[in-house]
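S.K.: Below is a structure I'd like to ask you about.
The values are calculated or read from the model by the stated rules, or taken from the named source; none is laboratory data. Only a predicted model underlies this, so the values are computations on that prediction, with no experimental measurement involved. Don't worry about glycine lacking a Cβ; one is built from the backbone with ideal geometry, like all the others, and counts go over all protein chains shown.
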Amino acid sequence: MPDNKDYILNIRVSKELYEKLKHKAKENSESLSDLVRKSLDDSWEIFGDLRNEIFGQKETDNIVYYQKVIIAKDIKCSRCNTDISKGAEMFVGETKSGGKKYFCTVCF
């Protein structure tokens, strides 16, 4: 049975940080809770991408969709690191936070 329940996380922050977060949330017309939730979600993905870059692992499980594209500049395949020339067809996958991964036709 799936657990769709939301859980509450209480954290202690300085008044200065609280005011910064509150100001940024107001600036973006969203609640403080939504801002913190989105920040945490995005941070986990960014840390995962950095970890993969540092240790050479290419994780693609967090891709939301793929799209076939013709690239406008030379780029490397995110999986096999093959050089792909401008004008070639390849696939782009976008992650939940908007990050992009590029795949040659062999790796896709």
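S.K.: Answer with yes or no whether Leu50 is part of a helix (DSSP H, G or I) and at pLDDT below 90.
M.R.: Yes.
S.K.: Scan region 72-95 for residues that are part of a loop (DSSP other than H, G, I, E, B), more than 27 Å from Phe47 (Cα to Cα) and not small (Gly, Ala, Ser) and report the count.
M.R.: The initial filter retains those residues of region 72-95 that are part of a loop (DSSP other than H, G, I, E, B), namely 72-74, 77-82, 85-88.
With more than 27 Å from Phe47 (Cα to Cα) added as a condition, the list becomes 72, 85-88.
Add one more test, that the residue is not small (Gly, Ala, Ser), and what stays is 86.
The qualifying residues number 1.
S.K.: Return a yes/no flag: does region 31-41 have any residue that is modelled with pLDDT under 90, part of a strand (DSSP E or B) and acidic (Asp, Glu).
M.R.: No, because not a single residue in region 31-41 is modelled with pLDDT under 90, part of a strand (DSSP E or B) and acidic (Asp, Glu).
S.K.: Could you tell me whether region 71-79 includes any residue that is modelled with pLDDT of 90 or more and surrounded by fewer than 10 Cβ atoms within 10 Å (Cβ to Cβ)?
M.R.: Yes, the conditions are met somewhere in region 71-79.
S.K.: Kindly provide the set of residues from region 55-70 that are modelled with pLDDT under 90 and more than 16 Å from the chain's Cα centre (by Cα), ordered by number.
M.R.: Of everything in region 55-70, those that are modelled with pLDDT under 90 and more than 16 Å from the chain's Cα centre (by Cα) turn out to be Phe55, Gly56.
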